[in-house]
Every structure is written in C-alpha cells, then in structure tokens.
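Quick notes on the structure that follows.
The values are calculated or read from the model by the stated rules, or taken from the named source; none is laboratory data. Bear in mind the structure is a predicted one, so any value in this text is a computation, not a measurement. Note that we place each Cβ from the backbone using ideal geometry, even for glycine, and neighbour counts take in every protein chain shown.
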Amino acid sequence: MSAAAYPAILPVLPEIVLGLGAMALLMVGVFRGAASVRVIDFASIALLAVAGAVLLALPGGRLVSFGGSFVVDDFARFLKILALIGSAAAIAMSVDYAQRERQQRVEYSVLILLSTLGMLMLISAADLIALYLGLELMSLPLYVVAASHRDSLRSTEAGLKYFVLGALSSGMLLYGASLIYGFTGTVSFPGIAQAAAQGGIGLIFGLVFLFAGFCFKVAAVPFHMWTPDVYEGAPTPVTAFFAAAPKVAGIAMFVRAAVAAFPGITNEWQQILVFVAIASMLLGAFAAIGQRNFKRLMAYSSIGHMGYALIGLAAGTPEGVQGVLLYMAIYITMTLGVFAVILAMRRSTGMVESIDQLAGLGRTHPTMAFLLAMLLFSMAGVPPLAGFFAKFYVFLAAIKAGLYVLAVIGVLASVVGAYYYLAIVKIMYFDEAAEGFYPMPIELRIVLAACGLFNILFFVYPGPLVGAASAAAHSLF
C-alpha cells in the first residue's frame, strides 16, 4: 500500500477490522456448523474489543475519508465506543439464553457484528448517501435477529412488523434526502449547511421527512408504534440489544445531521424536536403505567428516555449536545442492567416476563433486587444516582437555551414515570414472595454488577465522562 493511500484508509480501520472479522467468523460457522457457536460468540466480543482498541489508537483530531463523507472526530469516537460496548454486552448476555432455549445459531453474533458495522458507519456519516448506507447496514440485520426465534409466533410477528414499518421509514427518510438534494444541489452536510442558510420551504419539507425517518429509528413519538410489540415479541437478548446500541447510532445521526447540515435553520428544526421530545416523554410516562409485561414496560420507558435525550438536541447548543451524549452513556448502562435481570427471570417452568413474578425478590435474591432497585431509581432520576445527572444536564441545557416549558414538562413527566419504577420496587420488597429464580449465569452477573455500580458510584467521580462528552460535543460546533 502506498504512503499516499494510507491516510485515506486510516479513519476506516475499525470498520474494516469489524467487517473482515465478521466475514471470517461467518466462514468458520459455515464449515464448522453448530459446534462453533460458542467460539463465534466469544470471538465476536473479542473482535468488538479490538475494533474499540483500534479506534482509540487512531490519531487525535478530525480525520476525514472518502472525499469528506466519512468523518472521525471526538463526537464519533465517543458514540462508537458506546455502540461497541452495547453490542458486546448484548452478545455476552445472549450466550446462556441461547444454550438453554436451544436457540444457538451461528449467524446470530455475525448479524450483530454487521449491524454494529452499520452503526459505526452511521455515526461517522457526513453526507446523506453515507448516512443511508450506514442506516440500512444497521437495520437489515436487526430485522433478521428480531425474528430469529423461528418456532415462536411472537418473534416472527415482531420481525415482520419491524421490517414492514422499517421499510416505510427508510422510504420517508430517502424521500426527505432526495428533496434536500434537489433543493440544495449537494448531499454533503457542509454543502447543505451553506445552501440551507438561504432557507426555503422545499428544504423544510425535506427536513421533516428526514426527521421522520430518524424518529422511527430512535423510537420517538409519533413513529414509536413498532416498539412495544417488537420489544415484547423478539427474544429477550435481542430486545436488550435493540434497547441499547442502535439507539446510540440513531441519536448520533439525529445530532450530526441537525447540527452539521442545518445550522442555518435551527429555529425550524427546534420546533419539530420540541414537539417530538414532549410527545415522547408524555407517552413514555403515561402508557407504561398499565403495563404488566416487563419487556413491554421497558419499550415505553425507552420511548420516554429518547424524549429526554432529544431535549438536549432541541437546545441546539454545545451544552445541549453534551447533555445528549451523557444521557446516552448513562441510558445504556441502566438499560443493559435491567435487561440482565429480565434474562435472569427463569424458573423450572421456563422464562417469565411478568412484573408480578418479581414479588418478594428482595428476600429470595437480595443482591439482584438491590441492584435492580438502584437501576430503576436511576431511571426515575433519583439523586445521587447517574440517571439524575443525565436528566440534570439536558434540563439545564434547555433552560439556558430559553426552552423553559420543555424543561418543566420534562420534570413533570419524570415524576409520572417515577410511579411505575417505584411500583416495581414495591413489588420486590413488600409483596408476598413468589418462587425464587434459578441462579444468575456469570455473564449476566458481570453485566448487572458493572451497570449497577456505575449508576450508584457515578457521582463520586463523574469528571472523565463529563469531560469526554464535552470535548465530543464541542468537536461538532
């Protein structure tokens, strides 16, 4: 390879590692069959760790490749690390489940690797074509893993619903992108930013369709309708994956597209985001109250959390984007920790998903109950847990940007949301004890302990994460 060609390929090295590794593991699976499933699972986690190490070893500053359509800056580095952590945890959490449910499939981990490759592409996309390619590469494996439990009617239905609605949202996004290209004459974000400074009604139309596609991917109202059914129907480790890593990539494309491509029409997209954030927070708070299925409740909870995260973007300031990044980092740990408990809800009769089955968990499994209670308190935003700081930073950014009504509605929605989190804690500690669960597999213990301790101890030393989020946010502006 010539010295001239080397710098162009340098920013894409983590993606190349992941892509080649996924292809190699697929070949191992093809030739070795079902015997290689465990090897592929652990090799996939190792591959994600290697991709992360390569990413951190890249030179600092802003790296650009493919004629400006692929950008690696501090913003991309921060979110790529989050996506890699989310994917690795999701694979680790699926190992024991797949073995017990006889769902060990060679392609499962490979599909997650390819989806993660799409996420990394999406996070670095700096033009509409790269964004669409990354989005499809992320989404297509997700449709397959949602329906991966072929003997389950619910799983097949979840995959089909997700695919049909996902195709519709991709079409809307593509239509918006074509309108934007038609009115600006370019697909690159800096070029669109220059053309957007003049405004124009056609561009606003394109922006609305583009944001509709984004809202679907992050499960924000009014494009959230797939979320409860897909979360409930998909196999539980797949739901844990859906709730974590793809959300990071979705928020990343939302933030980069809004800030980098449309800085000249901030007022227009601010109005869209304020509506989406308020609607998502309120729906997440009220619709979850009546849910008895834990996975379905987590679906409404995630809709609400995306609403809170978008408050930071609605502010349209570096502080707001910093709040979004911190929110996503903390949201991932809360979500993975709760799903580790959901995966551990197993008795002699099989897996259970009803919240009522947690009755008396404080007596039968005290450590698990304590960590789950801390994660739920964190989700509710109770100080001094990490979830409180996540909400504090986005609300503060909204107040500084003059969005007082948005911040007040956010606080009120948090109070309503606290009800259903506290209801679960009440069931665990005050209800008559139900039959205990099987002991937790070691992978789930590690994930639960890491996530629980992070949320409990975050306030002791928040500096590194806050500093990294601040540097990442400022690299966009």
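For the stretch 258-282, which residues satisfy the criterion of being under 30 Å from T184 (Cα atoms), buried (at least 24 other Cβ atoms within 10 Å of the Cβ) and small (G, A, S)?
The answer is A258, A261, A277.
In the stretch 231-257, which residue that is among the hydrophobic types (A, V, I, L, M, F, W, C) and farther than 30 Å from R150 by Cβ is surrounded by the fewest Cβ atoms within 10 Å (Cβ to Cβ)? First the steps, then the outcome.
Just the residues of the stretch 231-257 that are among the hydrophobic types (A, V, I, L, M, F, W, C), to begin with: 234, 238, 240-245, 248-249, 251-255, 257.
Narrowing further to those that are farther than 30 Å from R150 by Cβ: 251-255, 257.
Working: I251: 27, A252: 28, M253: 25, F254: 26, V255: 26, A257: 23.
So the residue we want is A257.
Could you identify the single residue in G436, G402, G417 that is closer than 27 Å to A252 by Cα and in a loop (DSSP other than H, G, I, E, B)?
Answer to the check: G402.
G337 - would you say it is within 22 Å of the chain's Cα centre (by Cα) and buried (at least 20 other Cβ atoms within 10 Å of the Cβ)?
Taking the combined requirement at face value, the residue satisfies it.
Taking the conditions exactly as written (part of a helix (DSSP H, G or I), surrounded by 23 or more Cβ atoms within 10 Å (Cβ to Cβ) and hydroxyl-bearing (S, T, Y)), does T156 satisfy them or not?
Spelling it out, it is not the case that T156 is part of a helix (DSSP H, G or I), surrounded by 23 or more Cβ atoms within 10 Å (Cβ to Cβ) and hydroxyl-bearing (S, T, Y).
Just give me the residues in the stretch 184-240 being over 30 Å from K295 (Cβ atoms) and of a type in the set (S, T, Y), in sequence order.
Hits for the stretch 184-240 are T184, T186, S188.
If the Cβ limit is 7 Å and pairs must be 6+ apart or interchain, which residue in the stretch 37-49 that is more than 11 Å from A88 (Cβ to Cβ) and touching a residue at least 12 places away in the same chain (Cβ under 8 Å) pairs with which residue that is among the polar types (S, T, N, Q) and in a helix (DSSP H, G or I)?
Note: pairs meeting the criteria are I40/S109.
State the number of residues belonging to the stretch 359-369 that are among the aliphatic types (A, V, I, L, M) and out of contact with any Leu (no Cβ under 8 Å at 6 or more places or on another chain).
Final tally of qualifying residues: 1.
Examine the stretch 84-107 for a residue that is farther than 30 Å from R445 by Cβ and either surrounded by fewer than 24 Cβ atoms within 10 Å (Cβ to Cβ) or not hydroxyl-bearing (S, T, Y) (or both), and state whether such a residue exists.
no
Report yes if some residue within the stretch 282-292 is in contact with a Gly (Cβ under 6 Å, 6 or more places away or on another chain), at pLDDT below 95 and within 24 Å of Y419 (Cα to Cα); otherwise report no.
yes
Are there any pairs with C-beta distances below 6 angstrom linking a residue in the stretch 343-364 that is in contact (Cβ under 8 Å) with a residue 12 or more places away in the chain to a residue that is charged (D, E, K, R) and buried (at least 19 other Cβ atoms within 10 Å of the Cβ), with the two at least 6 apart or on different chains, and if so which?
E353/K295
From the list A390, A369, A380, which one is buried (at least 19 other Cβ atoms within 10 Å of the Cβ) and farther than 15 Å from Y331 by Cβ? Talk me through it step by step, then tell me what you get.
Numbers: A390 fails: farther than 15 Å from Y331 by Cβ; A380 fails: farther than 15 Å from Y331 by Cβ.
Within the list A390, A369, A380, the selection yields A369.
Since A76 meets every condition but one in (1) over 24 Å from I40 (Cα atoms); (2) in contact with a helix residue (DSSP H, G or I) (Cβ under 6 Å, 6 or more places away or on another chain); (3) without any contact (Cβ under 8 Å) to a residue 60 or more places away in the chain, which condition does it not meet?
That leaves (3) as the condition not met.
I need the full set of residues from the stretch 12-38 which are surrounded by 15 or more Cβ atoms within 10 Å (Cβ to Cβ) and under 14 Å from E107 (Cβ atoms), in order please.
If the condition is that a residue be surrounded by 15 or more Cβ atoms within 10 Å (Cβ to Cβ) and under 14 Å from E107 (Cβ atoms), then A22, L25, L26, V28, G29, S36, V37 are the ones that fit.
Across the stretch 267-310, what is the number of residues that are touching a strand residue (DSSP E or B) at 6+ places or on another chain (Cβ under 8 Å) and not in a helix (DSSP H, G or I)? It would help to see each step written out before you state the result.
First pass over the stretch 267-310, keeping only residues touching a strand residue (DSSP E or B) at 6+ places or on another chain (Cβ under 8 Å): 292-294.
Okay, now just the ones that are also not in a helix (DSSP H, G or I), so 292-293.
The number of residues fulfilling the criteria is 2.
Kindly indicate whether any position in the stretch 63-80 is modelled with pLDDT under 95, part of a helix (DSSP H, G or I), of a type in the set (A, V, I, L, M, F, W, C) and surrounded by fewer than 19 Cβ atoms within 10 Å (Cβ to Cβ).
Yes, that holds for at least one residue.
Taking into account only those residues within the stretch 224-241 that are assigned to a loop (DSSP other than H, G, I, E, B) and farther than 19 Å from A340 by Cα, which is farthest from the chain's Cα centre (by Cα)?
Among them, the one singled out is M225.
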